[in-house]
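Student: Okay, here's the structure, questions in a sec.
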Amino acid sequence: MKRLLSGILVLTLILGCPACGRNAEQTELTSGERATSVSDTESESEETGAGENDGENMQNVLVAYFSATGTTKALAETAADLLHADTYEILPQDPYTDEDLAYYTGGRADKEQNDPSARPEISGSVETMGQYDTIVLGYPIWHGQAPKIICTFLESYDFTGKTILPFCTSHSSGIGSSASNLHALAPGANWLDGKRFAAGTSKAEIESWLDENDMTPNETTVSAVVGEFDFEKRTVLLNSGYEMPIMGLGTYSLSDEECYNSVTALLKSGGRLVDTAYMYGNEAAVGRAVRDSGVPREEIFVITKIYPGEQFANPEKAIQEALDKLNIGYIDMMLLHHPGENDVKAYLAMEKFVEDGKIHSLGLSNWYVEELEEFLPQVHIPPALVQNEIHPYYQENDVIPYIQNLGIVVQGWYPFGGRGHTSELLGDRVISDIAKAHGVTSAQVILRWNLQKSVVVIPGSSNPDHIRENLDLFGFALSDAEMRRINELDRHEKHDWY
Ligand SMILES: Cc1cc2nc3c(=O)[nH]c(=O)nc-3n(C[C@H](O)[C@H](O)[C@H](O)COP(=O)(O)O)c2cc1C
C-alpha cells in the first residue's frame, strides 16, 4: 500500500501519543496521493450503493461496472482511484454461479446473451445518478458483447447529456461492437470510444487511457486523518504514513495449497489485505500467492507476526526468516503475536528493520490496556495497529476506544466467534434479523458492525464465495439502533486464551 509522501505532507498534530512521545498525524496531500475521509457522507452512499464524492473532485464521475469474476472490478477500482470517483457495482439480483458462467454449455449466461429481450434484474440502484455528469462503464465481454445486465443498467436511468466512457475486459476478444451496440439504450448520452483491457492491466496504462479521454483529476488538496476509515477507498491511514485496507483475509489454520488458493481468491475478488503469522506456518504460501497474482505489489498489504519464545529471543533471525519465506520484497506490517518474555527486545529489533525499509509498519497482537501502558514507554516507533479478539460476544468496548485514542488502528480476529462458536454467533437471533432486514448474511452484518466501529476485519475462509462475500460490505449500512442491538449482545466471553 502506498505511503503518503513526506515531500507533500503537511503534518498537523491532532492526537498525542503520550507513551511514545510521537503524535498521530493529520496529513494533507495532493489529490494524486488522496486518502480522503468521507465518513460523514458514508451513510448516504450506503443507501445508494454508490460512494458519495466529497465535492472536491474534478468532475462528478461515477465508475459503474459489472464483474462476474473480479477482473473488471479490479480495473474499475483502479480507474476510480485515479479519478477520485465514486464506484457502483452493478450486482445481479440473482447472482451468477460458476455453472451459470460456464460458457458454451447452454447455461444461464449463454442463454441470456442469445436472448435479445433478456434483462437480468439488478439489486439496488444509484439514487443520486443526477449528480454525475460522466459515467465510466466497465463490463466483461460475453460472446463478443456486453452482458445483458448492462442493458438493464442503461435502461434504468436517463443518461441524457451525460458522457459515457465504456471499457471492457475479456479473455482475448476486442471491444468490437459491444459498446456501439449499447448506444441505442442511452441515446441522449455522449458516448466516447471504448477500450478493451486484459486482466491485470497496469495502473499506468489505465491512467494514460483516462488522460487520452481528458479525464485527469485536478491537483486539489484533500486531507486524511489517521485512524479514520475511508469507506470510499476502503482504507485507513496508519500513524506510520501508510494506507491499509479496512477488510481482508485471515489465514489462521489455512495451510499451503488451501492458503495459496484463498489468498488468490481474495486478490481476484479485489481484496488487498492478508494476515498471516509465523505460527500459522503459511507465510511461504501467502508470498507465493502474492507473487503469482499479477497484482502490483504496492497495492497489497501483508501482515505477519513473530512469536514469543525462540523468535522473541532471536528476533533478527526471526524477522529475516519471515522476509525470506514471504519473499515479497518488504513486509507491510509485522506484529508481536502476543506479550511474552523479550517482547520489548523483539519490537526494538523490528524497529531496526523499519529503518532499513524492510518493514513498513509495526503493531501488536493481543495487547490490552495494562499491557499497552507498560509496553509503549519502552519503544520508539508507536505501533500502528493492535489486533485483538473482537466479536459480538467479546466486544472490548472499553479497550477499543483506549487504543484508538492513541492514534492506533484496531483490528479484530475471530470476527465470527472462533472455532466452535461460529454457528451460534451467525445464528444469533438479533444478528439474523438484522441480516434479513438488509438482505445480507449474518457474516456481512458482523463485519459491517466492526467497520462502523472503525475496527478492521480479517475473517478467515477458504471458500471463494465467502471470501467474496466478506469483502462485499458497502452496499448497506447499519442504523444506530442496529449497532446498539448488536452492542447489547456483549457477554465479555473470550473464546481464546490470548
Ligand atoms: C458467458 C461468458 C462468455 C464469454 N465470452 C467471451 C468472449 O466472447 N471473448 C473473450 O475474449 N472472453 C469471453 N469471456 C471471458 C471474459 O470476458 C473475461 O474472462 C473477463 O475478463 C471476465 O471479467 P470479470 O472477471 O469482470 O467477470 C466470456 C466469459 C463468460 C462468463
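Student: Please arrange F167, F476 by how many other C-beta atoms lie within 10 Å of their C-beta, fewest to most.
Tutor: Numbers: F167 25, F476 19.
Ranking F167, F476 by Cβ neighbours within 10 Å, fewest first, gives F476, F167.
Student: Oh, and also: Relative contact order (percent) for the stretch 145-299, with alpha-carbon contacts under 8 angstrom and 6 or more residues of separation?
Tutor: Details: 180 pairs, mean separation 23.2, N = 155.
15 percent.
Student: With a bin width of 10 angstrom, please list the P(r) values of the chain as percents of all Cα-Cα pairs, from the 0 bin to the one holding the largest distance.
Tutor: Percent of pairs per bin, in order: 4, 19, 29, 27, 15, 5, 1.
Student: Hey, what did the stretch 244-487 get for relative contact order, percent, Cα under 8 Å, at least 6 apart?
Tutor: Numbers: 443 pairs, mean separation 46.2, N = 244.
RCO, the stretch 244-487: 19 percent.
Student: Roughly how many Å is it from the Cα centre of the stretch 365-392 to that of the stretch 175-215, as a whole number?
Tutor: One Cα centre to the other: 47 Å.
Student: If you average the sequence gap of Cα pairs under 8 Å that are 6 or more apart and divide by the length of the stretch 57-215, what percent do you get for the contact order? Intermediate results must be reported in sequence, preceding the final value.
Tutor: Numbers: 290 pairs, mean separation 38.0, N = 159.
Relative CO of the stretch 57-215 lands at 24 percent.
Student: What size of dipole, in debye to the nearest 20, comes out for the stretch 244-487 about its Cα centre when the only charges are +1 on Lys and Arg C-beta atoms and -1 on Asp and Glu C-beta atoms? Intermediate results must be reported in sequence, preceding the final value.
Tutor: Values: 19 positive and 33 negative charges, 131 e Å.
With Lys and Arg at +1 and Asp and Glu at -1, about 620 debye.
Student: Quick one: check the C-alpha center-to-center distance for the stretch 404-431 versus the stretch 268-339, whole angstrom.
Tutor: 23
Student: Calculated from DSSP H runs of 4 or more alone, at -39500 (n - 2.57) each and per residue, what is the 222 nm mean residue ellipticity of the chain, nearest 500?
Tutor: Numbers: 18 runs with 157 residues, N = 498.
The helix-only estimate for the chain comes to -9000 deg cm²/dmol at 222 nm.
Student: Right, another one. Could you please rank L249, L326, placing first whichever residue has the fewest other Cβ atoms within 10 Å of its Cβ?
Tutor: Numbers: L249 28, L326 23.
Final ranking by Cβ density, sparse to dense: L326, L249.
Student: Pairs to check: K148/K268; K195/K453; K453/K494; K317/K494; K233/K358; K345/K453. Give those whose C-alpha atoms are more than 29 Å from each other in this structure.
Tutor: Numbers: K148/K268 23 Å; K195/K453 40 Å; K453/K494 19 Å; K317/K494 33 Å; K233/K358 26 Å; K345/K453 32 Å.
Correct reply: K195/K453; K317/K494; K345/K453.
Student: Still on this structure, please answer the following. How big is D for the stretch 408-476, in µm² s⁻¹ as a whole number, if Stokes-Einstein is applied with the Kirkwood radius of its Cα pairs at 37 °C and 0.692 mPa s? Walk me through the intermediate numbers first.
Tutor: Working: Rh = 12.3 Å.
Reported coefficient: 267 µm²/s.
Since every read-out is calculated from the coordinates, none of them should be taken as a lab result. As the structure is a computational prediction, the values presented were derived from the model and not from experiment. Every residue, glycine as well, gets a Cβ built from its backbone with ideal geometry; the counts of neighbours run over all protein chains shown.
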